[in-house]
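Asker: The structure is given below, and queries will be raised subsequently.
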Amino acid sequence: MKNFLLLKFRWPIIILTVAVAIAFGIAIPSIRIEPDIESLIPDRMPSKVNTDRLEELFGGTDMIVILLEADDILESEVLERLSRIESKFSALETIERSMSLFSMQDIKGLDGMMVVEPAVPFIPTGEEDKEELRERLKKNELVMGTVLSEDFRYAAIIGTLSTQADNKLLVQAINEVVENCPGPGTIQIGGYPVVAESITDNILKDLKYLLPLAILLILLILFLSFRDFKGVFLPLSVVFMSILITMGIMPLIGWKFTLVTVLLPIMLIAIGNNYGIYLVNKYMEIIRHKPKISTPALLSTLSKSLDKPILLCAFTTIAGILGLLAHIIIPAKQVGLLAALGIALALVISLTFIPAMLSVMPRSKLNVSRDKPHSGPLERLLHRIGESISRKPIHYLIIMSIITIVIGTGMLRLTVEGNTVNFFGKKDPVRITSNLIDKHFGGSQSISILFKGDIKDPELLKRMDLYEQEILEKPGVGQVMSIASVIRLMSTALMPADDPQYDQIPDTREGVAQYLELYGMSGDPADFEQLVDFNYEHAQLMVRIDEASSSTVLDLTKEIKHLTQDDPNVEMIGGIGLISAELTDSLVKGQWRSAIFAILIVCLLVGLIFRNYSAGLIVLIPLGMACIILFGLMGWLGIPFDPATVLITSVMIGCGVDYSVQYLWRQREEARSGLSTTQAIVATLSTTGKAICFNALAVMIGFSPLMLSTFSPIRFFGVMMVVSIFCCLVGALLVIPAINILIKPKFIEKS
């Protein structure tokens, strides 16, 4: 009945499928890119909630930094250029406040009074003036290491952004400011907006080059596999249409393109042709042995032999990839859902569009090979492997177990990386600038501790000061600042060096208030608005991180929480550094959670397919070995878990289980046709084994362009996907046959 409908409605099926794909594809240009790291995590995560609260009290926490490099920053022409840039930079609408040599202050005492002067009160005109200014700046704790490097080679202009800042427009505006202020020295721009804009540009670049390359490679492998127009055109057409529909859905439901979403079209290219490959391979197998078979009989044979195995493989693949729904990372969930939808579309298109096209396209002309069933080199190799496994199954299992254990020990070396700066190559300008900021200016990421209470209370200020001193000793900390350190600095201006109150917080609230009042006489109290609110009810202690690896930030966050856990005035901890740390922690938890979910649901589904749960356990063995080898290699090669590589397990399980299901299904068919276990294994490897190899090779080739990505997580994902699919292929063709020889499972052997 189904074949009758396909023949009768073949042209409507073809036209409707193509029309739907084009209709959805029209929406693809309206997809928006989201480079923000905060988009990776749910709004309810504590770090995100706390950071939003800090921004409400003290304004935006994101920073953009202009670095000016010169042999000597104090050269008059260099300072004049810096002054011009700072003046135009601070006037930009999205810059809430700025810090530079020309906006920072110098606090000192004069005749028992506090005097607040500009850090650079004059531009030197000669060597004597320059050296006088140098000595003055060396004594200014507010300037050195904040906007001026210790070697006087780098000066920074640091801008804090409003929460409404548009990264693209801001970066363009700053580039215009720099271009309009020529002069000596080299300019570099860094900070989170630059990172975000670079991520956007690189996502577009990846899509521009990686997608055509993936398609070209798939086209090549299909041609080499089939050497027939149908073998190339039909699987590729399925891929194109499933991508157009899936990607077209994204803007319609309001989802944005992220760094992780780059993997989606590549996944559909690599996986979406699987079912077309199986169908075309079986089609050629049929006409090779029955060249004169009628079209209805051909479609009937094709349908009976492959509809159910393909459906089952698709279900297990979809189930494995849906394991990403257990992830806490939002784009991972979205990729899981969209990839599952795309694979389902590829399945439907393969089972309808391909047979309809086969019925209208000219019959392929192939050499009849009834007398040489294993004429190809791959078929001969698989035939020999089947015979070898039948003789020595235990040897194969022992060798595979040893390889798995040895490589798997690398799991002890696994690391996690959630810092987006480290996603760029070491020679990338974004990475270079970020390293300069970390080295000379305290770091580009920060963690803030929010205090609530009477901020002028000396006991509270002394606790804040104590936290500053302890945190400053922690690894990875470049700079620590709070209103407490500013008040201590005021005391050095007012008190003689031999006074007990020199460089100390006053013992009374009145003393603290007096310091602040004296500052207000010659300085601007708004200088401290990033450290304390107007009513002195909230204050933040800001920790700048100069070694922003995720492990360092995560360890520092834990130590800060432990240090402040019993303080009644500590309301919360937030900041972009904390978001990065919590993202890192979520990556690890999400990886194991999604992997366990994918394995359980796949094993359950395979058990239901074969109506015997021992089938699920058999499939679990090669998948488990592949996971161990995958994680072990990541450890040995230093590849970290990151927002992209944490998707590998679910995708690998979803793809790799196909090979095991296809193998088990064909061996059961061969066994039920009357063959012995050994004969069934050899026959399965020689026939379906070939299609499995083509399928795995196509998937590996499809993922391989990711190795050329501009992002290290995407490159790592590409490398490990090729490795993991190869492991799943070996497991399906070596491990499962060896297990079946030894235990002879009933769901295969019974007639």
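Asker: Looking at segment 22-63, which of its residues are surrounded by fewer than 18 Cβ atoms within 10 Å (Cβ to Cβ), of a type in the set (S, T, N, Q) and modelled with pLDDT of 85 or more?
Answerer: Residue satisfying the conditions is Ser30 alone.
Asker: Follow-up. Of everything in segment 311-350, what is over 19 Å from Thr649 (Cα atoms), of a type in the set (A, V, I, L, M) and crowded, with 21+ Cβ neighbours inside 10 Å? Give them in sequence order.
Answerer: Scanning segment 311-350 gives Leu312, Leu345, Ala346, Leu347, Ile349.
Asker: Quick check on this structure: which one of Arg715, Arg672, Arg666 is without any contact (Cβ under 8 Å) to a residue 12 or more places away in the chain, of a type in the set (Lys, Arg) and out of contact with any Gly (no Cβ under 8 Å at 6 or more places or on another chain)?
Answerer: The conditions single out Arg715.
Asker: While we're on this one: Go over the candidates Ala297, Ala270 one by one and state the one that is of a type in the set (A, V, I, L, M) and touching a residue at least 12 places away in the same chain (Cβ under 8 Å).
Answerer: Ala270 is the lone residue from the list that is of a type in the set (A, V, I, L, M) and touching a residue at least 12 places away in the same chain (Cβ under 8 Å).
Asker: Please specify each residue of segment 486-538 satisfying the condition of being over 50 Å from the mean Cα position of the chain (by Cα), assigned to a helix (DSSP H, G or I) and of a type outside the set (D, E, K, R).
Answerer: Scanning segment 486-538 gives Leu494, Gly511, Gln514, Leu518, Met521.
Asker: When you scan segment 571-582, do you find a residue that is surrounded by fewer than 20 Cβ atoms within 10 Å (Cβ to Cβ) and either over 20 Å from the mean Cα position of the chain (by Cα) or under 23 Å from Leu466 (Cα atoms) (or both), even just one?
Answerer: yes
Here's the yes/no breakdown for (1) in a loop (DSSP other than H, G, I, E, B); (2) in contact with a Ser or Thr (Cβ under 7 Å, 6 or more places away or on another chain); (3) of a type in the set (A, V, I, L, M, F, W, C):
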{"residue": "Leu54", "(1), (2), (3)": "no, yes, yes"}
{"residue": "Leu57", "(1), (2), (3)": "no, no, yes"}
{"residue": "Leu67", "(1), (2), (3)": "no, yes, yes"}
{"residue": "Ser83", "(1), (2), (3)": "no, no, no"}
{"residue": "Ser87", "(1), (2), (3)": "no, no, no"}
{"residue": "Glu93", "(1), (2), (3)": "yes, no, no"}
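Asker: Then there's this: Mind checking whether some residue in segment 406-427 is under 22 Å from the mean Cα position of the chain (by Cα) and without any contact (Cβ under 8 Å) to a residue 24 or more places away in the chain?
Answerer: yes
Residue-wise test of (1) in contact with a strand residue (DSSP E or B) (Cβ under 9 Å, 6 or more places away or on another chain); (2) of a type in the set (D, E, K, R); (3) over 20 Å from Ser446 (Cβ atoms); (4) not in a helix (DSSP H, G or I).
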| site | (1), (2), (3), (4) |
| --- | --- |
| Gly109 | yes, no, yes, yes |
| Val115 | yes, no, yes, yes |
| Asn140 | yes, no, yes, yes |
| Thr146 | yes, no, no, yes |
| Ala173 | no, no, yes, no |
| Asn202 | no, no, yes, no |
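Asker: Pick out, from segment 658-751, the helices (runs of 4 or more DSSP H) lying fully within it that include 1 or more residues that are at pLDDT 85 or above.
Answerer: Qualifying helices (runs of 4 or more DSSP H): 677-686, 688-703, 712-730, 736-743.
Asker: Does Ile741 count as surrounded by fewer than 22 Cβ atoms within 10 Å (Cβ to Cβ), touching a residue at least 24 places away in the same chain (Cβ under 8 Å) and in contact with a Pro (Cβ under 6 Å, 6 or more places away or on another chain)?
Answerer: yes
Asker: For segment 683-710, which positions are within 30 Å of Val195 (Cβ to Cβ), surrounded by fewer than 24 Cβ atoms within 10 Å (Cβ to Cβ) and hydrophobic (A, V, I, L, M, F, W, C)?
Answerer: Correct list: Met707, Leu708.
Asker: Can you confirm whether segment 404-411 contains a residue that is part of a helix (DSSP H, G or I), closer than 30 Å to Met144 by Cβ and of a type in the set (S, T, N, Q)?
Answerer: Checked against the condition, which is being part of a helix (DSSP H, G or I), closer than 30 Å to Met144 by Cβ and of a type in the set (S, T, N, Q), segment 404-411 yields no hits at all.
Asker: Looking only at residues that are of a type in the set (A, V, I, L, M) and more than 39 Å from the chain's Cα centre (by Cα) in segment 459-485, which one is surrounded by the most Cβ atoms within 10 Å (Cβ to Cβ)?
Answerer: For segment 459-485, the residue satisfying everything is Leu461.
Asker: Which residue, of Val553, Val543, is assigned to a helix (DSSP H, G or I) and over 30 Å from Arg666 (Cβ atoms)?
Answerer: Criteria check complete, one pass: Val553.
Asker: Continuing with the same structure: Select from segment 172-228 the residues that are farther than 30 Å from Asp62 by Cα and of a type in the set (S, T, N, Q) and list them in ascending order.
Answerer: Answer for segment 172-228, where residues must be farther than 30 Å from Asp62 by Cα and of a type in the set (S, T, N, Q): just Ser225.
The values are calculated or read from the model by the stated rules, or taken from the named source; none is laboratory data. Owing to the predicted nature of the structure, the values given are computational and were not obtained by experimental measurement. In this analysis, Cβ positions are derived from the backbone assuming ideal geometry, glycine residues included, and neighbour counts consider all displayed protein chains.
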